[in-house]
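Visitor: Following this message is one structure expressed as structure tokens.
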Amino acid sequence: MFEDFSGSAEGRWDFVTDGVMGGVSTGRMDFVACGPSMALRLQGSVSTENNGGFIQARRRFSELWPSEVQGVRLCVRGNGARYFVFLKTPNLSRIWHSYRAQFITGTDWHDVDIPFGMFAPSHMGMPAMVSAPDVNSIAIVAYGADHDADVSVRSIRLY
């Protein structure tokens, strides 16, 4: 288990919008009770106006993921839209660079496995996806198209 949103999850996660670069997307990140556990909920309005187009919940970390890890497993639900996981490493040359993979939500909780081979560099010239121990940031992102975002994540596991 990498993240189950227990304890002081609000101290581990940051909410970021495209407003940092002049965009107009709005939203919020909440931690909500989900039966006996907690979940991260990302909601908002994603707008591609003014060169924008994202809202995200991001966690930076310093603990190393084991080298044998093959990918991430999310337990998610949402409004049926497409969402993304962004991974970052410390050797990326630009703050907006990341490795990205998409997933689709449904109204019921379900697991989504995303192998590292599914993560693609966000920009030309970036190296291919690196190994698990190089990852130091993960984000759940509503991105790239005008839409109302509503996605919840109950857990993030490494497999």
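The values are calculated or read from the model by the stated rules, or taken from the named source; none is laboratory data. Keep in mind it's a predicted model, so treat the numbers as computed, not measured. All Cβ positions, glycine included, derive from the backbone under ideal geometry; neighbour counts span all protein chains shown.
Visitor: Could you check region 81-159 for strands (runs of 3 or more DSSP E) lying wholly inside it with 1 or more residues that are polar (S, T, N, Q), touching a residue at least 40 places away in the same chain (Cβ under 8 Å) and closer than 19 Å to residue 18 by Cα? Don't jump to the end; show me each part of the working.
Guide: Working: elements: 82-88, 99-104, 110-115, 137-143, 147-158.
Qualifying strands (runs of 3 or more DSSP E): 137-143.
Visitor: Let me ask something else about it. Considering region 50-77 alone, what residues qualify as being loosely packed, with under 13 Cβ neighbours inside 10 Å, more than 25 Å from residue 1 (Cβ to Cβ) and at pLDDT 95 or above?
Guide: none
Visitor: I would also like to ask the following. Looking at region 73-102 only, could you name the residues that are under 20 Å from residue 61 (Cβ atoms) and in contact with a Leu (Cβ under 9 Å, 6 or more places away or on another chain)?
Guide: Result: 73, 85, 98, 99, 100, 101.
Visitor: Tell me, yes or no, whether region 7-26 has at least one residue that is in contact with a Leu (Cβ under 6 Å, 6 or more places away or on another chain), closer than 21 Å to residue 155 by Cα, surrounded by 14 or more Cβ atoms within 10 Å (Cβ to Cβ) and free of Cβ contacts under 8 Å to residues at least 60 places away in the same chain. First the steps, then the outcome.
Guide: Taking region 7-26 as the starting set, the residues that turn out to be in contact with a Leu (Cβ under 6 Å, 6 or more places away or on another chain) are none.
Looking through region 7-26, none of the residues is in contact with a Leu (Cβ under 6 Å, 6 or more places away or on another chain), closer than 21 Å to residue 155 by Cα, surrounded by 14 or more Cβ atoms within 10 Å (Cβ to Cβ) and free of Cβ contacts under 8 Å to residues at least 60 places away in the same chain.
Visitor: Looking at 80, 106 in this structure, which one is at pLDDT 95 or above, of a type outside the set (S, T, N, Q), at positive phi and surrounded by fewer than 17 Cβ atoms within 10 Å (Cβ to Cβ)? If you could, list the steps in order and put the result at the bottom.
Guide: Values: 106 fails: at positive phi.
Matching residue, one of 80, 106: 80.
Let's see how each residue does on (1) out of contact with any helix residue (DSSP H, G or I) (no Cβ under 8 Å at 6 or more places or on another chain); (2) among the basic types (Lys, Arg):
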| position | (1), (2) |
| --- | --- |
| 28 | yes, yes |
| 31 | no, no |
| 54 | no, no |
| 61 | yes, no |
| 65 | no, no |
| 79 | yes, no |
| 83 | yes, no |
| 86 | yes, no |
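Visitor: Here is a follow-up. Any idea which of 112, 151, 130, 141 is of a type outside the set (S, T, N, Q) and farther than 27 Å from residue 25 by Cα?
Guide: Details: 112 fails: farther than 27 Å from residue 25 by Cα; 151 fails: farther than 27 Å from residue 25 by Cα; 141 fails: farther than 27 Å from residue 25 by Cα.
The match here is 130.
Visitor: Restricting attention to region 85-102, which residues are under 12 Å from the mean Cα position of the chain (by Cα) and either of a type outside the set (Phe, Trp, Tyr) or surrounded by fewer than 20 Cβ atoms within 10 Å (Cβ to Cβ) (or both)?
Guide: Keep residues of region 85-102 that are under 12 Å from the mean Cα position of the chain (by Cα), which gives 85-88, 98-102.
Matches in region 85-102: 85, 87, 88, 98, 100, 101, 102.
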